[in-house]
Structures are given as structure tokens and as C-alpha cells.
Amino acid sequence: MPGYNLVDEPWLAVRPVGGGPPVELGIAEALARAHELEGLVVEFSTQLPAVLRQVLLPVVAHATGAPVTLRNKGDRLAQKDGFTQDELDRLQAHFDKHRAQFDLFDPVSPFAQVAGLRTAKDETKGSAALVATAASGNNVPLFANRSDADPLDLTPAQAAHWLLHAHCWDTAAIKTGVVGDDQVKAGKTTGNPTGPLGQLGVIVPTGRTLYETLLLNLPVTPPEVLGVPQWMRGPHEPAWKPRKAEGLLDLWTWQARRIRLIPHQDETGRPRVARVVVSAGDRLTPMSEQEPHTAWTFTVPAKKSAAALPERRPRRHTQGKAAWRGLDALLAPTRQSSDGAFETSVLLDEVSALREDGRLPADYPLQVETFGMVYGTQSAIVEDVIHDAIPLPLLALHQDSEAHQLLLDVAEQAEQLAKAVNNLSADLRRAAGADPIPWDKGQRPGDLLLHTLDPLVRRLLAGVRDAGADDEVLERGRLAWEEVAHHRARDAANELLLAAPATTFTGRTVTPAGTSGKSGKSQTYKLGTAGANFRHRLDEILPRYADAVREAAAARAAGTGPALEPDPAPGADLDD
């Protein structure tokens, strides 16, 4: 079987800067041309952080070194032509020395695999065992168009992507037992956790080019704690063990599974992968404090003492929740350690410091991509994949900036508007003699409102970035947002009011059951009261627009002013 070396073979799809169809390149050429490329194109969203962490970032960090200071990081980001000639020479020297370790089908040391990995009965599985979107064993995605029995022939490029994806995101539970693993029982290994990224809410800052994205994702790291990537740790053995990550590069290239791709040639002689062996891999214990691609949550132990330190845990993304709805964590200042506090990703913390030092302009078009995996049935199946991308104004990363407070306020107002619409729905249902929609069942009207507000918030984010530090423009932006949000919330409320049955006009009195068998305080629910409560709550949530409406009404009554027409602002034309 001919080899397939990832250094040279065109397995990475990348978008050229300025547009055009994606081109396929090997690692060496992709890095050499990184300043000419906009970014990676992947078949499945969660492959992107897997390729970055398992291959591109470790190659760059080990060959050229990670930034050792913020100044060094800023200087490297400013290199318009990408890697310097010295850095390119070091990258080439790395490839020359370790080229054999990047061969996907090498018989002795296949990339990210274990040569000769086999079960006691030489059993193999279909390549679907690697593919999160394919039916395999208990993992049967909703609406899957193939069964476990259908063969899945992967090209070498596809196999490489799904190989890396399995190391990062594979499901948990039982894995095949293999020869050489002394912890196998009855041909199986139990207790396997998900891949490391499956335990995180992954955050990846992206820049204008692949080169900038690589630098943005390289945290400042002293050489002595950088460690080495998996291809420099020697041939992997079937046996696995729980251990700590030995440096950042070990963490990024973590071998969460022992895998062997079994290639064959199709009828045209081209290599394909249809069979694999997937078994237990090293278990990361505990979660590394070096992890740069996640935000963190602090919780204080129940028993407070000098020895009881706050617990620091990766903050996971919420299924069905847009990234901007988690801005409280993305924008949290670093090293905040009060009760229930958040700490942003170290990468976003460094971006904030680079802006403060003047090494990144206020209007730098930073994007933040978020990734996550939702597992079900003891984390043995994939239920959903989380992926989102939002523009993030650099000034908003500073806690005392107007942009910071504006974005937090907007995100909170959107949540409160959704809650107000849900409360209106609940009151109308009670007035009609029905129970409110349970919070965890069905789709509530507030969720639909958030869906309509989503594109408006994204436009506002881009507008805030363009506005820079102009507080007057930002204030006009607040008013423009509140006006459009008011209209959208009112439209959602009108739909509920118009659909309410006639019986809600007279309403219904409800007497809830109290404690100790006593009845609670009776309350009457009817359409008029529900509508009035909603309008009052709307004015509380959006006070600037409410004040502007009152002022405009007073001016019209006095004959001294026109109808209210707020000035354009960040994200103006939000309704377009």
C-alpha cells in the first residue's frame, strides 16, 4: 500500500483570501501560504478545532516556538507576509526530520495511530466508527441516511480528518479490547470518557487570514513548559493509562483513543479506508490548567475554610443557545474568582491585552467561533453538535469600556424580553383555563422571539466594532437596538393576544395550593391584565426607548417636535 504523507498530500481544504473556490494543500504548503489563505474548510464543523489542535498549531509551536511574551505575539501577528524566512526554514527542518511520522499509512509509525493494533480475534469495524455523523453501533444520529451495515469508504483526506476528530470528540463508554492492553475484560474496555474537547465549550478566535488565526490561537508559553507533540513521543503502544498532560503540545495532540486505519485500494487503485480498529486511549486526569480553548466557571466549596479553594471547571456551551447569549463568560475579566464567577479563555484575554497595548486596532475584525458536542445515553451517542461564529469587538473585552457594558446589556435585555413574552403566554393560558407550557418541553414563544432577535444582535456586534470608542455613537446604538427590539417583542406579544380565545376577556381566578394543606392567595388572570403587565415590563426592560417615546409624545402634544426617529448607530438598519 503506498503511503499518504500529510506534509505534502493535498488533504487540507483552504479558502484563498479574496474569494474563489477552496484549494487543497498539504501541511507544508498551507503554512507557507498561510497569509494568503482565509481559513480552513471542513466537512463537519467540529473538525476545525481538531485539525488546528492536533496538527497545525503543534507544528507551528514546536518548529518556530510559541510566543514568549505578549510583545512577541503582537510582533508576529503584524507580519503581513506570514512566516519569516527563518521561521519557514525551521518549519521545513521540522518536516524533514519528522516526515515519516506524518505518513497516514506508515507500517511502523502511522500518524496518530498504533501500528498493528488488533483484537484477539482480529476483528475490525467499519470506518463509520470514526464518523460522528454516521450510524455505528449505538451511535445512530437522527435522520441518518445509512445503517451500520452500509460500507463507508473514506478517502485518505477524509480518514485523516475523522481520525483527528475521534481523538478530540469521540463518544464515551465501552471500547474494543485489543491485544497488549492488560486492562481489557471480556474483550472490552469500560469507563472511557469522551474525547477531551467533548468536555469543553471550545472557543476559537479567528483573524483575517489563516496565519493570523494560528497566531491568535498560540498562547504565550515559556519554552520549558511547551512539551512535545504526539509524533515526537515515539511509537504508541496498545496499552493506555490515565495521566496528566506534559505540556501544551501534549495536551493539543492528546491520543484519547488507540486507532488503526486499515487502508485498501479501490477498483481504480486509489487508497481508501473502510475498516478501522478503535480502542481505549489515554485518559486526561485532571483537566489541564493549560487549556487555552475554553472559558472557565468558578464555584466556591460548600465548606468555606482556608484550605477550600474555588473549583475551576471548563464552561460548556448550552445546546440551542447562540454564542452572543454567552457574552457574560466571553467578556469576563481574567482571574475573576468571586462566587459563581466566569473567566474568559486565555486566548481572548491575550487579545484584550494586545488591544490595550495598541498592537491590535480597535476595529480589528476578530471573529469568535464556538464548538461543542452534546452527548446522550451515558455519553455513548452524539445527540447534537454546537457551532456558532460571532464578530467580537475588541473594546468589549475591557471591563470598564462602554462597548463592554453595551453588549452585556443587550444580551441581558434579549433574555428578559423572551422571559416577558413567555410570562405573557403563561398568563393567557391560565386565563383560558390551561397550564403554562413547561420550560423544558415544547417550544415557548420566547424562544421564537430570540430567533428573530438573533440577526439583529449580530449586526449590532459588527456595528459596535466599527464604532470604536465613540461613546456617543454607541449610545445611539443602544437606542436603535431598543427601538427594534421593542417592535419585535410587541409583534410577538400581539400574535399571542390575537390568538387568545374569547374566554380570556373575563378570565379565570386561580387559587394555588399552599403549604400545610392551606390554600394560597387567589389571583385572577385575564387578557387585559396580562397585556398591561407585559407593556409595563417592556418599558422596564427597554428604558431608553420608553423614555424617548414619552418625550416624543410630550413634544407632539405641545406641538414642538416630530415623531420619534432615532439616528443611525452601530448596527443601524437592524430591520433590513
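The values are calculated or read from the model by the stated rules, or taken from the named source; none is laboratory data. A quick note: this is a predicted structure, and the numbers were derived from the prediction, not measured. Positions of Cβ are generated from backbone atoms using ideal geometry, with glycine treated the same way; all protein chains shown enter the neighbour counts.
For the reader, a short list of remarks on this structure follows.
- When Val60, Val114 are checked against the criterion of being surrounded by 15 or more Cβ atoms within 10 Å (Cβ to Cβ), at pLDDT 95 or above and part of a helix (DSSP H, G or I), a single residue qualifies: Val60.
- If you go through the range 14-32 and keep only what is under 22 Å from Gln113 (Cβ atoms) and of a type in the set (A, V, I, L, M, F, W, C), you end up with Ile27, Ala28, Ala30.
- The residue list Ala78, Ala66, Ala50 contains one member that is aliphatic (A, V, I, L, M) and either touching an Asp or Glu at 6+ places or on another chain (Cβ under 9 Å) or closer than 21 Å to Phe111 by Cβ (or both), which is Ala50.
- Residue pairs whose Cβ atoms lie under 8 Å apart, separated by 6 or more positions or on different chains, with the first residue in the range 106-133 and free of Cβ contacts under 8 Å to residues at least 40 places away in the same chain and the second of a type outside the set (A, V, I, L, M) and not in a loop (DSSP other than H, G, I, E, B), are Ala128/Ser136; Val131/Trp162.
- Val51 meets each of the listed conditions (1) assigned to a loop (DSSP other than H, G, I, E, B); (2) at negative phi; (3) within 30 Å of the chain's Cα centre (by Cα) apart from (1).
- The residues in the range 275-300 that are farther than 30 Å from Pro156 by Cα, of a type in the set (S, T, N, Q) and modelled with pLDDT of 90 or more can be counted, and the count is 1.
- Screening Asp384, Asp388, Asp400 for residues that are free of Cβ contacts under 8 Å to residues at least 40 places away in the same chain and not in a helix (DSSP H, G or I) leaves exactly one candidate, Asp400.
- Restricting Lys73, Lys80 to residues that are exposed (fewer than 13 other Cβ atoms within 10 Å of the Cβ) and assigned by TED's automatic domain parsing to the domain that holds His236 narrows the list to Lys80.
- Checklist (1) farther than 29 Å from Leu366 by Cβ; (2) modelled with pLDDT under 95 applied to Ala462, failing item: (1)
- From the list Gln367, Gln378, Gln336, the lone residue that is modelled with pLDDT of 85 or more, farther than 25 Å from Gly39 by Cβ and not aliphatic (A, V, I, L, M) is Gln378.
- Some residue of the range 256-266 being polar (S, T, N, Q), closer than 20 Å to Pro110 by Cα and either part of a strand (DSSP E or B) or modelled with pLDDT under 95 (or both): yes
- Out of Ala134, Ala93, sole residue that is crowded, with 20+ Cβ neighbours inside 10 Å and either of a type outside the set (Ser, Thr, Tyr) or over 17 Å from Leu163 (Cβ atoms) (or both): Ala134
- Checking Arg313, Arg272 one by one, the residue that is under 29 Å from Pro242 (Cβ atoms), at pLDDT 85 or above and assigned to a strand (DSSP E or B) is Arg313 and no other.
- Taken residue by residue, the range 189-201 has no member that is assigned by TED's automatic domain parsing to the domain that holds Ala280, part of a strand (DSSP E or B) and among the aliphatic types (A, V, I, L, M).
- Residue selected from the range 439-476 under the condition part of a helix (DSSP H, G or I) and among the small types (Gly, Ala, Ser), by the criterion farthest from Leu394 (Cα to Cα): Gly446
- Scan of the range 276-286 for residues that are surrounded by 18 or more Cβ atoms within 10 Å (Cβ to Cβ) and either outside the structural domain of Gly191 (by TED's automatic domain parsing) or out of contact with any Lys or Arg (no Cβ under 7 Å at 6 or more places or on another chain) (or both), ordered by number: Leu284
- Residue within the range 495-511 that is buried (at least 16 other Cβ atoms within 10 Å of the Cβ), in contact with a Ser or Thr (Cβ under 6 Å, 6 or more places away or on another chain) and touching a residue at least 40 places away in the same chain (Cβ under 8 Å) present: yes
- Checked against the criterion of being surrounded by 15 or more Cβ atoms within 10 Å (Cβ to Cβ), under 29 Å from Ala353 (Cα atoms) and not assigned by TED's automatic domain parsing to the domain that holds Glu356, the candidates Leu424, Leu461 yield just one match: Leu461.
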